[in-house]
Amino acid sequence: MKALRAPGAPTRTVLRALVRDRNGLIGGTLVAILVGAVPLSLVWTPYDPTAVDPNAPWLLPFRGGHLLGTDMLGRDQFSLILVGSRETLLIALASAGIAAALGLPLALAAALGPRRFAAGVVQLIDVAIAFPALLTAMILAAVFGGSVWTAAGAIGVAFGVHLARIARAEIERVHGSDYVLAATASGSSTWRTVRRHILPNIAPTLLVQLSLVMAVASLTEAALSYLGYGSPAPAVSWGRILHDQQPYISARPLLVVWPGLAVALSVLGFNLLGDALRDATDPRLRRRAPEAPTDTVDVERTDEVGTSRASLPAHAALLRVTDLTIRIAGRTVVDGIDLTLAPGERLGLIGESGSGKSLTALAVLGLLPEGAEVTGSIRLDGVELLGKPERELARVRGSRVAMVFQEPLTALDPTMRIGRQIAEPLRLHRGMTGRQSDRAAIDLAARVGLPDPAELVRAWPHQLSGGQRQRVGIAIALACRPALLIADEPTTALDVTVQRDILALLDELAHEQGTALLFITHDLAVVSRVSDRIAVMRTGRVIEQGPLERILHDADADYTRALLAAARATAFDATAFDDAFGAGDPTPGVHTSTETVEAPL
Amino acid sequence: MTAPAVLLRAEGLTRTYRLPRRSLWGPAGRRYALRGVDLELVEGDALGVVGESGAGKSTLIRLLLGLDRADAGTVHYRDREVRPGPARSLTWFRREVQIVLQDPMSSLDPRSRVRDIVAEPLECLRVEGDHDARVDEVLAAVGLDPQTRTRYPHEFSGGQRQRIAIARALAPDPRVLVADEPVSALDVSVRAQILDLLRDLTTRLGLSLILVSHDLGVVQHLCNNVLVLKSGEPLESGPSPQVLGNPQHPYTQALLSAIPTLPTHTPHPKPATLTKPAAPDSARPAFEAGKPGRRSTPPSTKGPAPPAQRARLRPPPVGTSEDPGPGRRPECAPREGPWPPTKPKSFISASTAKPERSASTPASPSWTRCAKRSA
Amino acid sequence: MTVFVARRLALLALSLLGASVLTFALLRLLPGDAATSVGGITADSAQLRAIRHDLGLDRPLLVQYWTWLTDVPTGDLGNSQLNGSSVTDELGEKLRVTGPLVLGALLLALAFAVPLGMLAAVRRERRDATVISVASQLGIALPTLWVGLLLILLFAVQTPLLPAQGFPVDGWADPGEAVRSLVLPTLTLALSEGAVLLRFVRSATLDVLHRDYLRTARAAGRTRTGALLRHGVRNAAGPVLSMLGVQVAALLVGAIVVEKVFTLPGVGSMLVADVGNRDLVKVQGEVMLLVAIVLFVGFLVDVAQRLIDPRLADVRRPEVSA
């Protein structure tokens, strides 16, 4: 329900996020060292890296002015490592460049080309992916002789194909988005759409992938040189240093440590930078997303009215929520609310998006996302639920309190048959097994009005319609005859004709089992069908509660009345045509009352 | 009195999708997303297309807008066929017909600034004139502060974003607006505002509207004609009072009876004073006056959109005696219209005549408050 | 399902054909040919021509390709151009080293990557998860060959527990000795691959953790962990499997390096040597084998995913309203 905040990320924000991110800082530093080492090695090295000094073989680090010591020929290891950075960086950059130059056009062709052509490109990609970079690089090196360019070419091509696969999925995602549809409807040509919408939106992913290509290219270069197919002698490569020093590993183990460390740190740098880039450009992971304004109905600020505290005697309450406050990431999203439900009572919890109504429900079941701070008290049957360990809460969930969720399409496990899922609470709480639970599942399926229950329990969730899936959700929730059923917008995702049936079913079953109902919705018309009492929430507070009739006709809070007015204004009015029909009112509909509910922002 | 021109006409629209094969040798199955849909949008009409999920509403929109190729059937705009093809070949059509999509969270490119989003159709359709000025104009027309043009979509609320989307659609000065569930992603209170804005704009600009929705309330409030779809097939169509007031098809009847309704509003002592007391009283009458042809208009003739009445609310259709001819109007050129006599030359100035929506009047706290908050 | 498997098999055959063309073409790029290697630098042009004729190198490329291609299904990958030995036989022998190495590494990697990856996802706010993440990040960054060298240093040089290099000359005659010489190589490969795998398991688990059906299961009375094990694992398996399919290529390449580091007589060492010798027919066979393994695993992965996720296996049905 809470929409993702899209990345409007200007470059500066990304940079700032990168620096704040620990990964970004470390990765950036490592890459900066690698990048800095190259120009340094061109103008200065402590010693000539290729100079053989017969007088100083096998020196340990810090001896004779050799920072990292010397090898059997007396070559200065530090100078060698420094010079080796050229090969690594050059191959990393060249590979990334080639991969991008090859991968992007391939991806565009595979995603946007004519259907058959695109299918062909996809096939080609799938075959080419089976050729590992190292293998191709070895063969190319054998053909053209080892050099930076054969290595970078082979690595670039191999990872270009990988990149194409990832970029294609991204392009298809963006191409299927509404804003591309809107652009097309605005007359944007394919190329303009690619330039203005697709490329900017896949750029973050591409950047991340390219930094990963650089990491893998560095690794592959090392392996290639180690195997003897890298750049020939005068060039220095960390991989070949490793190869050259391996025979002396028992005598001078440190000599294999330095070049390996150099490779590892470079790769680590590229990887961390890539991870940090991904986090910095993913708005969902950004630590503190900039606050987007929420739509407000502007009403006069009145103090909460009618929040009559617990009108029931303590012992009669099934659920008593007192001073419940929920903070997520430092923001107070539910702010000290009180709710009470008597056994068998039906309470409608009304509110618009961001009012905190769903979080309240999740808090009752102990299902809040990790990191949410909850204070106050939630008592069920007089027993405090807040602060109970997960294991004990699980024992209450599904047996005493159950919940039906908003999205029937995603609420069921797609890899498990319907019957199994219906029987799950019975297996958990009633200890049913095998046949017994299977039979119970069929009974429950029949009870919630699913057609052909004996067959249906063997179906998979995706084979059911939305309404049927919501019936399954209800069956799961009511399997153990809970004392309290929480329904969070159970019909919002459904068609009206289905909605009516689901509401009727919920009401009937709850009534029959004596289950209390906490019905959460934004829709006043819906809630008026299944509630005895209404609580209105707004920005984390219950601003008003009372009997249904009173709220509908004589609400105290201005907000409630504004909400009602807006709902009436946009609702279908069956009586509008009573006199108009025949007279043929050409402009049907009641004048909406938004002038009184003020304009937005 | 000439009959109003038919703007958009669809005949026998059919679209099928291939199903995956069930067996190696059997033919691949086909599924109809749309089957033989006819539709006619008369100038000045507001046509509601109603249906539940799987009714083929989205497919219909794609076909009507030339975004997808029909398996059978044709779409004509002013008797010229709309053939899906390269963007350039449809420029003439896109200048006339624009779209507002359902979810304003996804219909605006997160990496574009408001200015670029709204100017997009101007650029793509090579509309002449000062694009920046035009962007400011339409932003003001939808009740947004033109200053917001440099911001990114995520800085706006859902309702504001839908206003941006509407501004984009209005930018090239189209004659037809196609709205795909324009309010179903919004909160109830915002929904009413956006509906009002849509109604206000279509009336003021003389736009014709195709509104696709599953919500009969929305259709009832905006449309004078209705087409009911189910599983891709048209079931019933006609003037809204007829279809919604006296449905013939059992499905339409079922649909209507399933709508949850609030218990009827009984008058109660406390008047719902929702406006700020501080709001100048003078604002309201002016606003009401700016919206003729609403409830205050006495029911006149039977049937859809009495032409005489509606024609007064918009410039005369192209090709009639009052208009130079089929040629394209120059961008933002004055549209001559007989009513109201004082109607300003461009519609934007018409909007500034309304205090609540104007960009400069302090009486409207709408965007000014936002600007302050962001400042 | 049968339709799918049939289609996927056809696709596999097509891919293999494509791969064979690519392999063949790639290798014909090699300048000079086996004739120069066989004849040596002293051979004159007439001798070379004779050798070429013997090896069939003077025939048109298409004919050479066709001959090779039609022999492959019979299990005949041709004979070495240098010493005439059967490529198939030699590969079979070398696989006795490479096979256990790769399979062992894969199993070992799965054994530690899957539980640790899930743990890192579930406890992502805690310290132990951070430790796991940092370790896997390092594991990915370390070059396989260096890990091999460090392991040699630790377990063969500093504390001589295991052989540093080599494989028993008589192969698996003494299984104990053979296994001992495979321990370090397998560990090397498993560490490198496992680190990558761990991160994939972690992100797949993180993705599943936010799914609605886990919440449904918890609302029905499962604990957080219980819901993850019962419903999460199956659902996370899909993405991990498809990644495994791609990762097999990395595993095989890793084997080439590891065999070189530990001087194991496997397919990798053989390939490195043959590329150096320009023994076309052998390289062709070896590359084809590796590529075929990768493609075949891809096929298996696709089939497995269909088995796990019923949504993929089923024909989309028109929805029936309730």
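Just one residue in the set B:R94, B:R88 is within 19 Å of the chain's Cα centre (by Cα), within 8 Å of another protein chain (Cβ to nearest Cβ) and within 15 Å of B:R126 (Cβ to Cβ); that residue is B:R94. Looking across the stretch A:237-254, the residues that are at pLDDT below 85 and closer than 15 Å to A:I81 by Cα come down to A:Q245, A:L254. Report yes if some residue within the stretch B:137-151 is closer than 27 Å to B:H214 by Cβ and not basic (K, R); otherwise report no. Yes, some residue in the stretch B:137-151 is closer than 27 Å to B:H214 by Cβ and not basic (K, R). Criterion applied to A:Y179, A:Y226 was being out of contact with any strand residue (DSSP E or B) (no Cβ under 8 Å at 6 or more places or on another chain), of a type in the set (F, W, Y) and within 14 Å of chain B (Cβ to nearest Cβ), and the one residue passing it is A:Y179. Note on the stretch A:119-148: among residues that are under 19 Å from C:Q247 (Cα atoms) and not hydrophobic (A, V, I, L, M, F, W, C), the one that is surrounded by the fewest Cβ atoms within 10 Å (Cβ to Cβ) is A:Q123.
Within the stretch C:215-229, the set of residues being facing chain A (nearest Cβ under 8 Å), in a helix (DSSP H, G or I) and modelled with pLDDT of 90 or more comprises C:R215, C:T216, C:A217, C:R218, C:A219, C:G226.
Could you say whether any residue in the stretch A:521-534 is farther than 10 Å from A:I350 by Cβ, within 14 Å of chain B (Cβ to nearest Cβ), among the small types (G, A, S) and without any contact (Cβ under 8 Å) to a residue 12 or more places away in the chain? Scanning the stretch A:521-534 turns up no residue that is farther than 10 Å from A:I350 by Cβ, within 14 Å of chain B (Cβ to nearest Cβ), among the small types (G, A, S) and without any contact (Cβ under 8 Å) to a residue 12 or more places away in the chain. Scanning the stretch A:561-590 for residues that are at pLDDT 50 or above, more than 7 Å from chain B (Cβ to nearest Cβ) and in contact with a Gly (Cβ under 9 Å, 6 or more places away or on another chain) yields one hit, A:D578.
Take C:V301 and decide whether it is modelled with pLDDT of 85 or more, within 7 Å of chain A (Cβ to nearest Cβ) and touching a helix residue (DSSP H, G or I) at 6+ places or on another chain (Cβ under 6 Å). It is false that C:V301 is modelled with pLDDT of 85 or more, within 7 Å of chain A (Cβ to nearest Cβ) and touching a helix residue (DSSP H, G or I) at 6+ places or on another chain (Cβ under 6 Å).
Listed conditions (1) surrounded by fewer than 24 Cβ atoms within 10 Å (Cβ to Cβ); (2) at the interface with another protein chain (Cβ under 10 Å from one of its Cβ atoms); (3) in contact with a strand residue (DSSP E or B) (Cβ under 9 Å, 6 or more places away or on another chain); (4) not small (G, A, S) are all met by B:M105, apart from (3).
Quick one: would you say C:V208 is without any contact (Cβ under 8 Å) to a residue 24 or more places away in the chain and assigned to a helix (DSSP H, G or I)? In short, no.
Just one of the listed residues (C:S192, C:S203) is assigned to a helix (DSSP H, G or I) and under 24 Å from C:G148 (Cα atoms), namely C:S192.
Within the stretch A:454-467, residues that are polar (S, T, N, Q) reach partners that are in a loop (DSSP other than H, G, I, E, B) with beta carbons closer than 8 Å, at six or more positions or on different chains, in the pairs A:Q463/C:D314; A:Q463/C:R317; A:S465/C:E319; A:S465/C:V320; A:S465/C:S321; A:S465/C:A322.
If you take the residues of the stretch B:119-143 that are touching a Ser or Thr at 6+ places or on another chain (Cβ under 8 Å) and in a loop (DSSP other than H, G, I, E, B), which of them is surrounded by the most Cβ atoms within 10 Å (Cβ to Cβ)?
That would be B:G143.
Where in the stretch A:341-448 are there helices (runs of 4 or more DSSP H), lying fully within it, with 3 or more residues that are within 9 Å of chain C (Cβ to nearest Cβ) and crowded, with 18+ Cβ neighbours inside 10 Å?
Numbers: elements: A:357-365, A:390-396, A:418-429, A:434-447.
Once the helices (runs of 4 or more DSSP H) in the stretch A:341-448 are filtered for at least 3 residues that are within 9 Å of chain C (Cβ to nearest Cβ) and crowded, with 18+ Cβ neighbours inside 10 Å, what remains is A:390-396, A:418-429.
Quick check on A:T150: is it assigned to a helix (DSSP H, G or I), touching a Leu at 6+ places or on another chain (Cβ under 8 Å) and over 22 Å from A:G274 (Cα atoms)? Taking the combined requirement at face value, the residue satisfies it.
For the condition closer than 28 Å to A:I81 by Cα, more than 9 Å from every other protein chain (Cβ to nearest Cβ), β-branched (V, I, T) and in contact (Cβ under 8 Å) with a residue 12 or more places away in the chain, A:I198 does not qualify. The set of residues in the stretch A:481-537 being β-branched (V, I, T), surrounded by 22 or more Cβ atoms within 10 Å (Cβ to Cβ) and assigned to a helix (DSSP H, G or I) consists of A:V498, A:I502, A:V526, A:V527, A:V530.
One residue stands out among those in the stretch C:264-286 that are under 19 Å from the mean Cα position of the chain (by Cα) and among the polar types (S, T, N, Q): the one that is modelled with the lowest pLDDT, which is C:Q284.
Does A:E172 meet the test of being surrounded by fewer than 20 Cβ atoms within 10 Å (Cβ to Cβ), touching a residue at least 12 places away in the same chain (Cβ under 8 Å) and away from chain B (no Cβ under 14 Å)? Yes. For the stretch B:42-55, a tally of residues being surrounded by 24 or more Cβ atoms within 10 Å (Cβ to Cβ) and in a strand (DSSP E or B) returns 5.
What number of residues in the stretch A:231-269 are closer than 30 Å to A:V143 by Cα, at the interface with another protein chain (Cβ under 9 Å from one of its Cβ atoms) and not polar (S, T, N, Q)? Give the derivation first.
Within the stretch A:231-269, the first condition is being closer than 30 Å to A:V143 by Cα, and the residues that meet it are A:231-247, A:256, A:259-260, A:262-264, A:266-267.
Narrowing further to those that are at the interface with another protein chain (Cβ under 9 Å from one of its Cβ atoms): A:238-239, A:242-243, A:245-246, A:256, A:259-260, A:263-264, A:266-267.
From what is left, the residues that are not polar (S, T, N, Q) are A:238-239, A:242-243, A:256, A:259-260, A:263-264, A:267.
Matching residues across the stretch A:231-269 total 10.
The one condition from (1) more than 14 Å from every other protein chain (Cβ to nearest Cβ); (2) over 22 Å from A:D275 (Cβ atoms); (3) touching a residue at least 24 places away in the same chain (Cβ under 8 Å) that C:L103 does not meet is (3). Quick one: would you say B:D187 is buried (at least 22 other Cβ atoms within 10 Å of the Cβ) and free of Cβ contacts under 8 Å to residues at least 24 places away in the same chain? Criteria not met by B:D187. Filtered by the rule that a residue be assigned to a helix (DSSP H, G or I) and either away from chain C (no Cβ under 13 Å) or closer than 28 Å to A:T193 by Cα (or both), the stretch A:122-147 gives A:V122, A:Q123, A:L124, A:I125, A:D126.
The values are calculated or read from the model by the stated rules, or taken from the named source; none is laboratory data. Owing to the predicted nature of the structure, the values given are computational and were not obtained by experimental measurement. Neighbour counts run over all protein chains shown; Cβ positions are idealised from the backbone, glycine included.
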